[in-house]
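The values are calculated or read from the model by the stated rules, or taken from the named source; none is laboratory data. For clarity, every value in this text was computed on a predicted model and none was experimentally measured. So basically every Cβ, Gly included, is an ideal-geometry build from the backbone, and we count neighbours across all protein chains shown. All accessible areas refer to the heavy atoms of the entire protein, side chains included, with ligands and DNA or RNA removed. Shrake-Rupley method; radii C 1.70, N 1.55, O 1.52, S 1.80 Å.
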Amino acid sequence: MKMLINGEWRDSVSGKVFLVHNPATGDVVGEAPLGGEDDVRSAIEAAGEAFADWSARSSRDRGKVLFFAAEEVRRRNTDLAALLTAEQGKPIREAVDEINGFANILEYYHALSAGERGEFMNLGGYGRVTVERRPLGICGAIIPWNMPAIIMGWKIGPALTAGNTVVLKPARTAPLTCMKLAEILGDAGLPPGVLNVVTGPGETVGREIARNPGVRKVSFTGEVGTGRQVALDAAPALKRLTLELGGSDPMIVCDDADIPAAVEGVVRGRFYNCGQVCTAVKRLYVYESIADEFVRRLTARVEAIVVGNGMDRGVGMGPLNNRAGLERVVGQVDAARDRDEGEIVTGGQAPRGEAYERGHFFLPTLIAGVPHDSVLFAEEVFGPVLPIATVPGLDEALELANNSRYGLGASVWTHSADVIARATEELEAGIVWVNQHLRIPPEVPFGGTKASGIGRENGSRALEEYMEEKAVLIRL
Ligand code: NAD
């Protein structure tokens, strides 16, 4: 594929391309232009030219384009999902969910596009006051490879509805689905230049988006360290920022929890997308009194997960998306093993066999009895590995849950109203689930506290993150 600038599919200025590989097989899935700073500048110019017309349209007219695109995305779900699985690695049914999730997000912002977003106040002696909400201008969207379609939707849904134009940079290892989705938006009536997609490395394409003063806002999703660099690069131009960074979500299982439901919660919460979800369950705290039974049932369930190529029938977990990610997870498990930090109950290595030799596979892994100061609790583990610790009760569970530099999501599994009240009050997180984990419908504001980020995506107020207010005081 080529990259999308001003409604045209172009090669990069350098003329170079990079290959996108299937993480399950190593086969080439496609190629994308190796963009650089000049390509970003062209995209910014195109986005600047498109802004006047797009921002002058009614919000309802803009929303209609998203709605038509959503319909087309649903119609082509099967092909889009297959492409997503091929480049990203997730099981096909998760890819189908993700593509539907993208359509849900567009439909949600289409619905909001009909709402009134100004204010009027009669302030007596101060006069009659209107507060207009206006788009910011050109917005940059930098996204990772783990949930490319959903995260693209979280950024472009509100940005475009609010009347901004966008320069989007997908991740190197999963750009193709994003490009197809951009193509569908164009076919649905998005004018040239309103959404531009520049593919290439973070160090050039991503940095130029962050630095270029023509971009008024950057919404970035990725690692904490990269987010910090984006913030530094964006600082001279005093840009608005949304940073959705890493997470290390705790899950607390109390002694009155519905154990089978909590076991399923862990399986989905930790092993969905091969554990590569920002709000995955990354630390499990189980009450001592139920720990043996819980770990036994969980182990049986986890050992039943079929690992393989996401396109194959019955596969419950695919490979990791890329070699670097696999090596990092292997390094974290090895570090814990070397320091005797807990017992590997199941997994702890790559699956054996010819089917796995060319992919980035790792078995779903449970490590029990992990000490609280382990690397597995301190660092974000972005793969299918779950450290488990036991706790005597709620006080210690909450203290350990909050003892993290991250604060993205957290869950508590109980039926006690008192525990729910305390946990939802005290857990330091942007999103707290009770008796569930991971689910984020478009209506729910999403983002983190502490090192997990700044700002919120999703939900109605995400639109405000892409607008600024202008107050007008009139005295006649
Ligand atoms: P990453 O930070 O390596 O890359 C994210 C994006 O930034 C990519 O497109 C990359 O090319 C680009 N990039 C790299 N260097 C850059 C730079 N200097 N300037 C601008 N852009 C640059 O992250 P990743 O490995 O793709 O994703 C995994 C991380 O993302 C995990 O930490 C995960 O928790 C986090 N994540 C967070 C959320 C959330 O909403 N909080 C969602 C998904 C993933």
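Cβ contacts < 6 Å: first residue on the phi > 0 side of the Ramachandran plot and open to solvent by less than 10 Å² (accessible area, probe 1.4 Å), restricted to the stretch 161-175; second residue small (Gly, Ala, Ser) and away from the ligand (no atom under 14 Å from the Cβ), any location; separation 6+ or different chain. Result? Sorted first by the residue in the stretch 161-175, then by its partner, the pairs are GLY163/SER55. The residues of the stretch 14-30 that are surrounded by fewer than 16 Cβ atoms within 10 Å (Cβ to Cβ) and of a type outside the set (Ser, Thr, Tyr), listed by number, are GLY15, LYS16, LEU19, GLY26, ASP27, VAL28.
Quick check, is GLY308 open to solvent by 10 Å² or more (accessible area, probe 1.4 Å) and in the same structural domain as ALA262 (by TED's automatic domain parsing)? Spelling it out, it is not the case that GLY308 is open to solvent by 10 Å² or more (accessible area, probe 1.4 Å) and in the same structural domain as ALA262 (by TED's automatic domain parsing).
Taking every residue in the stretch 391-405 that is over 17 Å from ASP418 (Cβ atoms) and pairing it with any residue that is surrounded by 17 or more Cβ atoms within 10 Å (Cβ to Cβ) and among the acidic types (Asp, Glu), at least 6 positions away or on another chain, the pairs with Cβ-Cβ distances below 6 Å are ASN402/GLU428.
Residues that are open to solvent by 70 Å² or more (accessible area, probe 1.4 Å) and within 18 Å of the chain's Cα centre (by Cα) within the stretch 457-476 comprise just one, ARG461. Give the residue that is farthest from VAL381 (Cα to Cα), with candidates limited to residues of the stretch 221-230 that are part of a helix (DSSP H, G or I) and out of contact with any helix residue (DSSP H, G or I) (no Cβ under 8 Å at 6 or more places or on another chain). Looking at the filtered set, the residue picked out is ARG228. Scanning the stretch 264-290 for residues that are part of a helix (DSSP H, G or I), open to solvent by 10 Å² or more (accessible area, probe 1.4 Å) and out of contact with any His (no Cβ under 9 Å at 6 or more places or on another chain) yields GLU264, VAL267, TYR272, GLU288, SER289, ILE290.
Candidates VAL28, VAL73: the one that is more than 18 Å from VAL194 (Cα to Cα), in contact with a strand residue (DSSP E or B) (Cβ under 8 Å, 6 or more places away or on another chain) and of a type in the set (A, V, I, L, M, F, W, C) is VAL28. For the structure I just gave you, tell me whether ALA86 is more than 16 Å from the ligand (Cβ to nearest atom) and either in contact (Cβ under 8 Å) with a residue 24 or more places away in the chain or in a loop (DSSP other than H, G, I, E, B) (or both). Judged against the criteria, ALA86 is a match. Filtering the stretch 399-450 to residues that are hydrophobic (A, V, I, L, M, F, W, C) and within 15 Å of the chain's Cα centre (by Cα) leaves LEU408, ILE431, LEU438, ILE440, VAL444, PHE446.
Listed residues GLY48, GLY63, GLY89, GLY118; which is open to solvent by less than 50 Å² (accessible area, probe 1.4 Å), out of contact with any helix residue (DSSP H, G or I) (no Cβ under 9 Å at 6 or more places or on another chain), among the small types (Gly, Ala, Ser) and modelled with pLDDT of 95 or more?
Values: GLY63 fails: out of contact with any helix residue (DSSP H, G or I) (no Cβ under 9 Å at 6 or more places or on another chain); GLY89 fails: out of contact with any helix residue (DSSP H, G or I) (no Cβ under 9 Å at 6 or more places or on another chain); GLY118 fails: modelled with pLDDT of 95 or more.
Among GLY48, GLY63, GLY89, GLY118, only GLY48 is open to solvent by less than 50 Å² (accessible area, probe 1.4 Å), out of contact with any helix residue (DSSP H, G or I) (no Cβ under 9 Å at 6 or more places or on another chain), among the small types (Gly, Ala, Ser) and modelled with pLDDT of 95 or more.
Taken over the stretch 291-316, the residue count meeting the criterion of being part of a helix (DSSP H, G or I) and in contact with a Ser or Thr (Cβ under 8 Å, 6 or more places away or on another chain) is 4. Restricting the stretch 228-245 to residues that are crowded, with 23+ Cβ neighbours inside 10 Å and not hydroxyl-bearing (Ser, Thr, Tyr) leaves a set whose member that is nearest to the ligand (Cβ to nearest atom) is GLU244.
Please determine whether any residue of the stretch 338-355 is closer than 16 Å to CYS274 by Cβ, open to solvent by 10 Å² or more (accessible area, probe 1.4 Å), over 21 Å from the mean Cα position of the chain (by Cα) and aliphatic (A, V, I, L, M). Yes.
Among the listed residues GLU107, GLU94, which satisfies the condition of being within 19 Å of the chain's Cα centre (by Cα) and open to solvent by 40 Å² or more (accessible area, probe 1.4 Å)?
GLU107
Out of all the residues in the stretch 247-258, is one or more over 30 Å from GLU396 (Cβ atoms) and either away from the ligand (no atom under 15 Å from the Cβ) or without any contact (Cβ under 8 Å) to a residue 40 or more places away in the chain (or both)? The answer is no; no qualifying residue exists.
Cβ separations smaller than 6 Å between residues 6+ apart or across chains give the following pairs from the stretch 434-451 residues that are under 18 Å from GLY275 (Cα atoms) to residues that are of a type in the set (Phe, Trp, Tyr): ILE440/PHE446. Test VAL218 against the stated conditions and say whether it is surrounded by 24 or more Cβ atoms within 10 Å (Cβ to Cβ), assigned to a strand (DSSP E or B) and away from the ligand (no atom under 16 Å from the Cβ). It is false that VAL218 is surrounded by 24 or more Cβ atoms within 10 Å (Cβ to Cβ), assigned to a strand (DSSP E or B) and away from the ligand (no atom under 16 Å from the Cβ). Within the stretch 44-72, residues that are assigned by TED's automatic domain parsing to the domain that holds ALA159 sit with their Cβ atoms under 7 Å from residues that are open to solvent by 50 Å² or more (accessible area, probe 1.4 Å) and at pLDDT below 95, at 6+ positions apart or across chains, in these pairs: ARG60/ALA114; GLY63/ALA114.
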